[in-house]
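Have a look at the structure below before the remarks.
The values are calculated or read from the model by the stated rules, or taken from the named source; none is laboratory data. Given the structure is predicted, the values throughout are model-derived calculations rather than measurements. Neighbour counts are summed over all protein chains in view; Cβ atoms, including those assigned to glycine, are modelled from backbone coordinates with ideal geometry. When the accessible area is computed, the model is the full protein with side chains, heavy atoms only, and any ligands, DNA or RNA have been set aside. Shrake-Rupley method; radii C 1.70, N 1.55, O 1.52, S 1.80 Å.
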Amino acid sequence: MKRSWINSPYAFSLGMFAMMVPSQAFSSFYSYFYVDKLGLGIGLATLARTIFLIWDAVNNPLFGYWSDRTKTRYGRRRPWVFGAIPLFMITFVIIFSPPEGLSENGLFLWFLVALILYEAVATVLWVNYGALFPELFRGDRIRAKASAIQQGYQVVALLIGTALTPILFRVMGFSNMSILYALIFGVFMFLCMMNVKEKQEVTESEPFKLVDAFRETLKNKKFWVFNISNSFAQTVNGLISSIIPFYAKYVLNISEAQVSILLASVFVSVIPLVFVWYWIIRNMDGVKAWRLSLAVYGLSVIPLWFGYDLASGVVAGVAVGFGLAGFLVTPAMVSGNIIDEDAERTGQRREGIYTAVSGFITRSSGLISALAFFVVGIIFGYESGDNPGSDPESTFRYLISVIPLCLLLLSFLISFVTKIEFNNKTGGSIDHGQKTNYKL
């Protein structure tokens, strides 16, 4: 039977690929570009980053609130995304295309303004794209399948954004690299949105005012427990990826050239493993599947403690890839049910504000990761590559294995703080008024 691409997980996931290629290149290399290549002082770069984070904390929930209140014949989310596509392309190129001959203060001002504009447009995209997921895919089974496909696309984008970017900017320069990524984003994001058809929700209740909308969202205990638990697991994602180069150098004693092999063992293995996880959980309750993934993720970091060379590191990396794949797939099942239950209770679909506030909570994971690095570094005397202390090996064994295990144990225990059950067991239903073939 011919597959319908309207609201298909395959077509929808093109949006994840589109956004993650430039976003990963940005997060991985914007500091290197401005500080190392252009000579912006680290203090000014940090100041710009701090202002950027404050702005992000303010605009994230506001864009979610405005998105929920939007009503057009084309839907609530699609007009926002279509409007943001050209703006995202322009602001991404601006980030990597400062004029030549700027003074340090001029460079700082360019960086700050470009960062604020880019982040605002990126927030519009992420909030509205993320809000479409629980609306388009109703039920644990279809959400698990759609999430698995989406995460497979995301890992491919991560590999492009991290591994291909250095090659591109060496060959064509940062500005031309940004133009290429902007075009890739524009093409795939447009294809994604052209294959999305939003459901016209009919609500009789008056939309919440701003304060009431936040109050109604923040008093949801299931929402808080789920997101606080997830924030600790998200910390592990960032911590492991950032510690791998140190782990390779001080624990496995391998060359920098072999670090890419180690990274590939984690991230490349995730692509097929997300579909293994879909097969495992396709008939499971969403909450049980999520808790299982947290437990397995915790167990998967233990082999990293025993790594001692490239081969053992690769084996441990594949084990982590399996745990990571489960965590990437399962949270969408729970968050979708939280939003569905809220809609039943309030009479309104509020994916936008839930997605935005959830994103704000999970951003705390970066602070937890930085604190863990600081504390463990003090304990074992690691300060920098020039002054690694007397036992750098233990520093990074603990940071890549023991600390993640503790964080994931905490995440698993927090998931039981409140009873998370949902009365509406929608299973694998599709609620769109049209028949769509989702077979893999």
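Odds and ends about this structure:
- Placing unit charges on each Cβ (+1 for Lys and Arg, -1 for Asp and Glu) gives the chain a dipole about its Cα centre, and among 333, 22, 185 the Cα reaching farthest toward its positive end belongs to 333.
- Using only side-chain charges placed at the Cβ, +1 for Lys and Arg and -1 for Asp and Glu, the dipole size of the chain relative to its Cα centre rounds to 1560 debye.
- Net charge in the neighbourhood of residue 77 (other residues with Cβ under 9 Å of its Cβ; Lys, Arg +1, Asp, Glu -1) is -1.
- For segment 45-150, the list of chymotrypsin sites (Phe, Trp or Tyr not before Pro) that fall in a loop by DSSP and count at most 15 other C-beta atoms within 10 angstrom reads 74.
- Most to least packed among 185-195, 319-329 [average Cβ atoms within 10 Å]: 319-329, 185-195
- Computed from label points 7 Å out along Cα-Cβ, the spacing between residue 295 and residue 371 is 2.8 nm.
- At least 15 Å along the helix axis (C-alpha) and Kyte average at least 1.0, DSSP helices within the chain: 78-95, 104-136, 165-194, 259-281, 310-329, 365-380, 403-414
- Taking amide hydrogens as placed 1.01 Å from N in the peptide plane, the amide H of residue 4 sits under 5 Å from those of 437, each at least 5 positions away in sequence or on another chain.
- Using the Cβ-Cβ distance between residue 175 and residue 344 with R0 = 56 Å, the FRET efficiency computed as 1/(1 + (r/R0)^6) comes to roughly 0.65.
- Reported label for calculated percent of Cα pairs over 42 Å apart given (i) 13; (ii) 9; (iii) 20: (i)
- The chain, accessible surface, carbon-and-sulfur percent (1.4 angstrom probe): 66
- Evaluated over segment 305-355, the Cα radius of gyration and Dmax, each in Å: 18.8, 57
- Per-residue [θ]222 nm for the chain (sum of -39500 (n - 2.57) over DSSP H runs n ≥ 4, rounded to 500): -24000 deg cm²/dmol
- Two-site FRET efficiency, residue 57 against residue 308, from Cβ-Cβ distance with R₀ of 35 Å, rounded to 0.05: 0.25
- Averaged per residue, the chain has 44 square angstrom of accessible surface, using a 1.4 angstrom probe with ligands and nucleic acids left out.
- Applying 1/(1 + (r/R0)^6) with r as the Cβ-Cβ distance of residue 402 and residue 35 and R0 = 30 angstrom yields a FRET efficiency of 0.45.
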